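Heads up, the thing below is written out as C-alpha cells.
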Amino acid sequence: MNMRIGERFARAVAAKDAPALLGLLAPEIDFRAMTPSRFWESNSAVEVVDDVVLGKWFEPTDLIESIEGIEQDVVIDRERVGYRFRVTNADGAFIVEQQAYLGVQDDRIAWLRIMCSGYRPVE
C-alpha cells in the first residue's frame with residue numbers, strides 16, 4: 001500500500017529522519033505553525049527541518065519512543081494528518097500530538113500548517 005505524503009511526513013518526524021523530511025518538503029515552502037508558547041514561520045525547508053522540527057520541537061535529547069496514532073483525510077485540495085507520539089527525555093514521559101494540513105505540488109509539500117498540543121506529561 002502506498003502511504004500518503006502526510007503519513008510519510010509523520011513517520012519521518014517520528015524517526016527524526018532529516019534527509020527524508022527534506023525529500024518530502026519543497027525547498028521553498030510556505031510554513032506556519034503554532035506550539036503552546038510560540039508561532040513559527042519559514043520559507044525554507046532546510047530551516048523547517050534543522051531549526052524548527054528537529055532543532056526545537058524534538059531535540060536530540062528527546063526520544064520518540066513510538067507513534068501512538070496517525071489519522072489522515074483530505075479536505076478538498078489539502079491533506080490533513082494528525083499524529084501522536086510518545087516521547088521521553090530527562091523530564092519524563094510525554095504524549096505530543098500535532099495536526100497538520102498540507103498542500104502538495106510536484107509530489108512535495110509546498111504549503112504546511114501545524115498545530116501542536118505541546119508535551120503533555122504521562123502520569
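Is there a residue in the stretch 19-42 that is over 16 Å from Trp111 (Cα atoms), modelled with pLDDT of 95 or more and part of a helix (DSSP H, G or I)? Yes, the stretch 19-42 has at least one match.
Got at least one residue in the stretch 3-11 being loosely packed, with under 14 Cβ neighbours inside 10 Å and either without any contact (Cβ under 8 Å) to a residue 40 or more places away in the chain or in contact with a helix residue (DSSP H, G or I) (Cβ under 7 Å, 6 or more places away or on another chain) (or both)? Write out each step before concluding.
Going through the stretch 3-11, the residues loosely packed, with under 14 Cβ neighbours inside 10 Å turn out to be 3.
Among the residues that remain, those that are also either without any contact (Cβ under 8 Å) to a residue 40 or more places away in the chain or in contact with a helix residue (DSSP H, G or I) (Cβ under 7 Å, 6 or more places away or on another chain) (or both) are: 3.
Within the stretch 3-11, one or more residues are loosely packed, with under 14 Cβ neighbours inside 10 Å and either without any contact (Cβ under 8 Å) to a residue 40 or more places away in the chain or in contact with a helix residue (DSSP H, G or I) (Cβ under 7 Å, 6 or more places away or on another chain) (or both).
A single member of Ile109, Ile76 is within 14 Å of the chain's Cα centre (by Cα) and β-branched (Val, Ile, Thr), and it is Ile109. Scanning the stretch 12-48 for residues that are in contact with a helix residue (DSSP H, G or I) (Cβ under 8 Å, 6 or more places away or on another chain), under 13 Å from Ile114 (Cβ atoms) and loosely packed, with under 15 Cβ neighbours inside 10 Å turns up nothing. Scanning the stretch 74-98 for residues that are exposed (fewer than 15 other Cβ atoms within 10 Å of the Cβ) and more than 19 Å from Thr61 (Cα to Cα) gives Val74, Val75, Ile76, Asp77. There is at least one residue in the stretch 58-71 that is outside any strand (DSSP E or B), free of Cβ contacts under 8 Å to residues at least 60 places away in the same chain, more than 16 Å from Ile5 (Cα to Cα) and within 12 Å of the chain's Cα centre (by Cα).
Right, Gly92: in contact (Cβ under 8 Å) with a residue 12 or more places away in the chain and on the phi > 0 side of the Ramachandran plot or not? In short, yes.
The values are calculated or read from the model by the stated rules, or taken from the named source; none is laboratory data. Bear in mind that the values here come from a model prediction, so they are computed numbers and not experimental data. Methodologically, a virtual Cβ is constructed for each residue, glycine included, from the backbone with ideal geometry; neighbour enumeration extends over all protein chains shown.
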